[in-house]
Amino acid sequence: MPKLAAIQFAPILGDKLANLTQLVTLVQEASRNGAHLVVAPELATSGYSLTLSEARKVAEPISEDSPTLKGFLLISKKLNIHVVWGMVEVDPGTGNLYNSQVLVCPDGRFESMRKINLAGDDWLWASEGRANPPITVCDLGGKSVKVGLLICRDIRDKKDEHWDSFYQKGDADVVAFSAAWGEGFFPANTWMDFVKDNKVTLVVSNRYGVEGTKPNTFDGGICIIKPKGSPEHPNGVCFDGLLWNANCVVYDEL
């Protein structure tokens, strides 16, 4: 049975090495607990409250030459685990920066998406993505699973009235959702609506903490939401293991 994991942690703004160290530790923990797919937050390697100059310092292309991508590919292969995380992407051709999300697979494949619905500090440095989220067929615990990607405000499932929904029922079995959710309700109504509308399992990875000079405050809260409930989780929301304002991992089976 495929086992899913959502990571919660507080990135240190601009400190890529420290953030990667935390992430690797949490991915290893998820692997020891039998996870086949683990999802980390939006801009997990950099923190969220970036200026343009700060974003450029931590940006990497999403290619086989990317140090971060190479590192996660090695970890994915060694642990036989699929890993999703958020990072600042630079397009080598245009120099444009993107708030991006990456999936790596143990067989060496990788996929990514660029955030489409920008919000907050995104507008200070990021360009808008232009493509619907990709679907990747992954072997999770011996089961073929269609995995989709999604970043924070893209949970609205469209760009505007002229753009069809990013997802339709049947497009994906699991959607890996990397967020830096601000203050608000948990679980958010938009998360629940997405699962209901698309009949998918949503793995919600979120971050907590305070960062930036404004400052920005992040609520935290991670969960795995299924279309149908169980006696333990009648509304489909699994949050067993969630610790508010602390690093933690939540697990559930698909």
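The values are calculated or read from the model by the stated rules, or taken from the named source; none is laboratory data. Model, not experiment: these values are computed from the prediction. A quick note on method: Cβ atoms are made from the backbone with ideal geometry, for glycine too, and the neighbour counts reach across all protein chains shown.
Residues in the range 35-56: is at least one more than 27 Å from Ile155 (Cβ to Cβ), of a type outside the set (Phe, Trp, Tyr) and in contact with a helix residue (DSSP H, G or I) (Cβ under 9 Å, 6 or more places away or on another chain)?
No: zero hits.
Within the range 198-223, restricting attention to residues that are farther than 13 Å from Tyr48 by Cα, at pLDDT 95 or above and part of a strand (DSSP E or B), which residue is farthest from the chain's Cα centre (by Cα)?
Ranking the candidates gives Thr201 first.
Quick check on my filter: what residues within the range 153-175 are farther than 22 Å from Ser127 by Cβ and of a type in the set (A, V, I, L, M, F, W, C)?
Across the range 153-175, the qualifying residues are Ala172, Val174, Val175.
Quick one: in the range 179-197, which of the residues that are among the hydrophobic types (A, V, I, L, M, F, W, C), assigned to a loop (DSSP other than H, G, I, E, B) and surrounded by fewer than 24 Cβ atoms within 10 Å (Cβ to Cβ) is modelled with the lowest pLDDT?
Phe185
Name the residue, out of Ala55, Ala44, Ala30, Ala5, that is in contact with a Gly (Cβ under 8 Å, 6 or more places away or on another chain) and in contact (Cβ under 8 Å) with a residue 60 or more places away in the chain.
Ala44
Across the range 126-140, what is the number of residues that are at pLDDT 95 or above and more than 27 Å from Glu54 (Cα to Cα)?
Of the residues in that region, 7 qualify.
Which condition number does Leu23 fail, the rest of (1) over 23 Å from Lys146 (Cα atoms); (2) touching an Asp or Glu at 6+ places or on another chain (Cβ under 9 Å); (3) touching a residue at least 60 places away in the same chain (Cβ under 8 Å) being met?
Unmet for Leu23, out of (1) over 23 Å from Lys146 (Cα atoms); (2) touching an Asp or Glu at 6+ places or on another chain (Cβ under 9 Å); (3) touching a residue at least 60 places away in the same chain (Cβ under 8 Å): (2).
What do you reckon, is Ala176 modelled with pLDDT of 95 or more and either among the polar types (S, T, N, Q) or not in a loop (DSSP other than H, G, I, E, B) (or both)?
Numbers: modelled with pLDDT of 95 or more: yes; either among the polar types (S, T, N, Q) or not in a loop (DSSP other than H, G, I, E, B) (or both): yes.
Here the answer is yes, as Ala176 does meet what is asked.
With the checklist (1) in a loop (DSSP other than H, G, I, E, B); (2) over 16 Å from Trp85 (Cα atoms) in hand, flag the one item Arg56 doesn't pass.
(1)
What's the number of the condition Gly71 fails, among (1) in contact with a strand residue (DSSP E or B) (Cβ under 7 Å, 6 or more places away or on another chain); (2) small (Gly, Ala, Ser); (3) not in a loop (DSSP other than H, G, I, E, B)?
Of everything listed in (1) in contact with a strand residue (DSSP E or B) (Cβ under 7 Å, 6 or more places away or on another chain); (2) small (Gly, Ala, Ser); (3) not in a loop (DSSP other than H, G, I, E, B), Gly71 misses just condition (1).
Being in contact (Cβ under 8 Å) with a residue 12 or more places away in the chain, on the phi < 0 side of the Ramachandran plot and touching a Lys or Arg at 6+ places or on another chain (Cβ under 8 Å) is the filter here; which residues of the range 141-164 pass it?
Of everything in the range 141-164, those that are in contact (Cβ under 8 Å) with a residue 12 or more places away in the chain, on the phi < 0 side of the Ramachandran plot and touching a Lys or Arg at 6+ places or on another chain (Cβ under 8 Å) turn out to be Ile151, Arg153, Asp154.
Residue check, Asp157 against (1) crowded, with 18+ Cβ neighbours inside 10 Å; (2) at pLDDT 95 or above; (3) out of contact with any Cys (no Cβ under 6 Å at 6 or more places or on another chain); (4) more than 26 Å from Gly209 (Cα to Cα), all met but one. Which one?
Asp157 satisfies all of (1) crowded, with 18+ Cβ neighbours inside 10 Å; (2) at pLDDT 95 or above; (3) out of contact with any Cys (no Cβ under 6 Å at 6 or more places or on another chain); (4) more than 26 Å from Gly209 (Cα to Cα) except (2).
What single numbered condition from (1) assigned to a loop (DSSP other than H, G, I, E, B); (2) crowded, with 23+ Cβ neighbours inside 10 Å fails to hold for His233?
The failed condition is (2).
Under the condition of being assigned to a strand (DSSP E or B) and either β-branched (Val, Ile, Thr) or under 23 Å from Glu211 (Cα atoms) (or both), which residue from the range 1-39 is farthest from the chain's Cα centre (by Cα)?
Going through the qualifying residues, I end up with Phe9.
Would you point out which residue out of Gly47, Gly86, Gly108 is part of a strand (DSSP E or B) and of a type in the set (Gly, Ala, Ser)? Spell out how you get there, then give the answer.
On the way: Gly47 fails: part of a strand (DSSP E or B); Gly108 fails: part of a strand (DSSP E or B).
None of the others qualify; the one that does is Gly86.
Only one residue in Ser31, Ser46 is closer than 17 Å to Gln8 by Cα, touching a Lys or Arg at 6+ places or on another chain (Cβ under 7 Å) and crowded, with 18+ Cβ neighbours inside 10 Å. Which one?
Working: Ser31 fails: touching a Lys or Arg at 6+ places or on another chain (Cβ under 7 Å).
After ruling out the rest, the residue left standing is Ser46.
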